[in-house]
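The values are calculated or read from the model by the stated rules, or taken from the named source; none is laboratory data. What you see is a predicted model; the values in this text were computed from it and never measured. Glycine gets a Cβ as well: all are built from the backbone with ideal geometry, and neighbour counts include every protein chain shown.
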Amino acid sequence: MKWNTVLIGLGRIGWQLELDQKRYHPCTHAGTIKALEDQFDLIGVCDRNKDKVVSFLSWWKSNKDIVYSFKHQELLKNLNKKIDFAVVCTGPDSHCQILKDLVDYSIPVILMEKPIAYNSQQIKDIEPILQNVSIYVNFERRFHPNYQSIKQILMRRTLGDLTNIQGKVLAPSIKRDPLLEDAIHWLDLILWYVGKPKILYSYWEYNQNGIEERSIHLLKKDDILIQLESGGKRQYFEFSMVLDFTRGRIEVGNTGIYVYRKAKSSRYEKFYELKKIPFLIKFKNPWIEMYQSIYQNLPNNFQDAILGISLYEELKNFDRNRTS
């Protein structure tokens with residue numbers, strides 16, 4: 001059965017990144033809905049920017065009419081079909097209000113863009129009305145084969161015990177705190193891999209608008225030390241994670257995945273060093289995997305997303321307490 005689907009927000013992650021020929025495809029919500037047209041039927045779209053709506057409809061090139069509007073409330077009123085699935089690709093400032101409105105229209109399954117809100121209290125305030133809704137949050141790296149393979153290595157202890165995680169999330173765009181905007185993906189992976197850590201140290205620098213320009217964080221989960229740099233004052237993007245084990249290392253990020261194993265040194269007697277080993281993974285599109293898991297009604301990650309926002313808040317509050 002096809003799910004009648006609405007798409008709210010037609011920005012980069014909504015559909016525009018499909019125009020980037022260097023990326024794998026699909027790489028957006030609309031691209032995935034189009035690729036899985038036997039499961040999802042797009043019946044309505046919405047964006048406050050009229051030019052984005054016009055451009056999207058030209059790109060979509062469907063034989064059937066898609067209802068469109070410039071306000072999500074109008075879109076919901078104008079649709080005369082039952083809505084099975086709503087995808088929200090707007091900024092976090094509008095998420096809670098849109099969630100309320102979608103619940104009013106009894107939409108059973110919702111996929112939200114990250115971050116789900118600016119703070120966890122915004123979500124907690126409306127949580128009572130969300131009890132009968134299945135809400136997913138777009139952390140597509142959980143469905144990427146590179147990051148899934150790390151989860152398997154951790155579970156099987158293939159490289160021994162995990163001892164240290166280091167990472168960088170460097171983003172030149174600072175419309176919002178990079179730790180909230182981009183590094184929230186990194187924090188979500190930490191929660192997925194090891195659970196919620198304890199904060200040992202958090203240092204922040206801000207620009208003249210009060211937005212994070214650079215931050216350094218030191219955390220610990222059991223015997224695992226975790227270090228993250230966010231922001232970065234660079235003119236390039238980087239998303240990277242290095243996981244050290246007692247018998248090896250994994251480097252993963254936007255450049256790929258590399259695995260190293262303990263081996264006898266070729267330079268020193270009675271020493272062991274790390275040797276890079278072949279590590280081939282069959283690629284599966286994480287967007288396809290995520291949408292199919294939603295269609296199959298697999299457990300959602302809404303509570304983990306709230307936990308990620310709470311961790312971000314604790315890191316922020318640690319800094320305020322330190323400087324007060």
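Quick grid of which residues meet (1) in contact (Cβ under 8 Å) with a residue 12 or more places away in the chain; (2) surrounded by fewer than 19 Cβ atoms within 10 Å (Cβ to Cβ):
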{"site": "THR5", "(1), (2)": "yes, no"}
{"site": "GLU18", "(1), (2)": "yes, no"}
{"site": "ARG23", "(1), (2)": "no, yes"}
{"site": "THR28", "(1), (2)": "yes, no"}
{"site": "ILE33", "(1), (2)": "yes, no"}
{"site": "ASN63", "(1), (2)": "no, yes"}
{"site": "TYR68", "(1), (2)": "yes, no"}
{"site": "ASP84", "(1), (2)": "yes, yes"}
{"site": "VAL88", "(1), (2)": "yes, no"}
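Against the test of being at pLDDT 95 or above, surrounded by 14 or more Cβ atoms within 10 Å (Cβ to Cβ) and within 28 Å of MET241 (Cα to Cα), the options LEU76, LEU99, LEU159 yield a single qualifying residue, LEU159. Report yes if some residue within the stretch 122-129 is crowded, with 16+ Cβ neighbours inside 10 Å and polar (S, T, N, Q); otherwise report no. Yes, there is a match, as at least one residue in the stretch 122-129 is crowded, with 16+ Cβ neighbours inside 10 Å and polar (S, T, N, Q). Taking helices (runs of 4 or more DSSP H) as the structural unit, those lying wholly within the stretch 28-95 and holding at least 2 residues that are within 24 Å of the chain's Cα centre (by Cα) and either more than 23 Å from ILE126 (Cβ to Cβ) or among the aromatic types (Phe, Trp, Tyr) (or both) correspond to 29-35, 50-60.
Residue-level analysis places LYS168 among those that are basic (Lys, Arg), in contact (Cβ under 8 Å) with a residue 12 or more places away in the chain and either surrounded by 19 or more Cβ atoms within 10 Å (Cβ to Cβ) or not assigned by TED's automatic domain parsing to the domain that holds GLU251 (or both). Selection of the stretch 228-277 for residues being crowded, with 17+ Cβ neighbours inside 10 Å and among the polar types (S, T, N, Q) yields only SER230.
Looking across the stretch 104-152, the residues that are modelled with pLDDT of 95 or more, part of a helix (DSSP H, G or I) and among the hydrophobic types (A, V, I, L, M, F, W, C) come down to PHE143, ILE150.
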